[in-house]
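Please treat every number below as a calculation from the coordinates, not as lab data. It should be emphasised that the depicted structure is a prediction, and the values quoted were computed from it without experimental measurement. All Cβ positions, glycine included, derive from the backbone under ideal geometry; neighbour counts span all protein chains shown.
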Amino acid sequence: MAEQKSSDWLGLSGRVCVVTGGGGGIGRATALSLAQAGARVAAIDLDEGGLEVTRAELGKLGADNVIARCDTSDVASVTAASATIEKSLGPCDVLVNTAAVLRPGALDTLTLAEWNAVLSVNLTGYFLCAQVFGRQMRAHGRGSLVHVSSIAGSNAQGQSGAYSVSKAGVIMLSRQLANEWGPHGIRSNVVSPGMVITPMSQAFYDTPGVTERRSAVVPLRRVGMPQDMADAILFLASDRASYVNGDEIMVDGGYANMLMNLVPRPGFE
């Protein structure tokens, strides 16, 4: 890894970074953090209103950026967005996959349409974006992919339809990409959030008492915020993680490692 200037500790200055789901939540926080690190940022999303907010926030930072409406589950839409971004900013150096949907439901009554709707965005969309933007990385012999999964990808979450399955798939997709594309100078890693307040989960926290109850089971005694995830994403995207490949970082305040706290141990509590 080439030595970086102290002002560019992450080595992201001038890099073209594409963020899916950039219209809000973790995606927006990541896009803004990348811009603050000197990157040239492209945010893509189906949410045009959210993208405009992201564009305005990027503009306040003076960032060189572009937004594009994109259905990440549709290869033609991803290809078109890729061409627009490359023309405006240059070839992709970093891809951050954050776009996701949640459709709750029990598996015994879940329809095929509901199952496919989640998988098409949460898993197939990650694959398509990796494939399309990865071609630009392969052409230049370097790149970094960071995929947002979930602790639900390693811990089954009942009544969540295809969500846990899709997030487990993201983890394995990333490992396979790391395996196949590592020889081409391209890394692939995962950030798995725990409980975090985003537009997708906001309704949970709007219910009185939920934030307090959730915070109580996290060792750090707070629920995560999008910026907590963005900070981990930037590390994995950056040259500071140049020898990290095929890995997963859980960003959950320690929650996933607290299973034994649920076991009664008289005299030890």
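A few comments on the model shown:
- Looking at the range 195-249, the chymotrypsin sites (Phe, Trp or Tyr not before Pro) that sit in a DSSP loop and have at most 15 other Cβ atoms within 10 Å of their own Cβ are TYR243.
- In a reduced charge model with +1 at each Lys and Arg Cβ and -1 at each Asp and Glu Cβ, the range 142-269 shows a dipole moment near 80 debye about its Cα centre.
- For the range 103-148 and the range 222-269, distance of Cα centres in Å: 22
- Descending Cα extents along the principal axes, the range 148-269, whole Å: 52, 37, 29
- The range 152-167 - phi-based ³J(HN,Hα) in whole Hz, Karplus 6.51/-1.76/1.60, Gly and Pro as x: 5, x, 10, 10, 3, 10, x, 6, 10, x, 8, 4, 4, 4, 5, 6
- Computed E for LEU61/PHE204 - FRET, C-beta separation, R0 25 angstrom, nearest 0.05: 0.25
- Close amide H partners of ARG40, meaning residues 5 or more places away or on another chain with modelled amide H under 5 Å apart, are GLY14, ARG15, VAL16, CYS17.
- Between LEU262 and HIS184, the contour length at 0.36 nm per residue exceeds the Cα-Cα span by 23.6 nm.
- When the Cα positions of GLN131, CYS70, PHE235 are compared along the charge dipole of the chain, PHE235 comes out farthest toward the positive end, with charges on each C-beta of Lys, Arg, Asp and Glu.
- Here the label points at GLN131 and GLU212, each 7 Å from Cα along the C-beta direction, are separated by 5.0 nm in the simple model.
- Subtracting the Cα-Cα distance of SER13 and ASN155 from their residue separation scaled by 0.36 nm leaves 47.5 nm.
- Theoretical FRET efficiency, 1/(1+(r/R0)^6), r = Cβ-Cβ of ARG222 and LEU107, R0 51 Å, to 0.05: 0.95
- On full extension, the segment bounded by SER88 and GLU48 gains 12.5 nm, given 0.36 nm per residue less the C-alpha separation.
- Computed packing ranks the peptides 182-194, 151-163 as 182-194, 151-163, most packed first, by mean other Cβ atoms within 10 Å.
- Rel. contact order, % - alpha carbon contacts under 8 angstrom, at least six apart, the chain: 19
- Among ASN122, ASN65, ASN97, residue whose mean-square fluctuation peaks in a GNM of the chain (springs only between Cα atoms under 10 Å): ASN65
- Order of THR54, THR124 - criterion: other Cβ atoms within 10 Å of each residue's Cβ, fewest first: THR124, THR54
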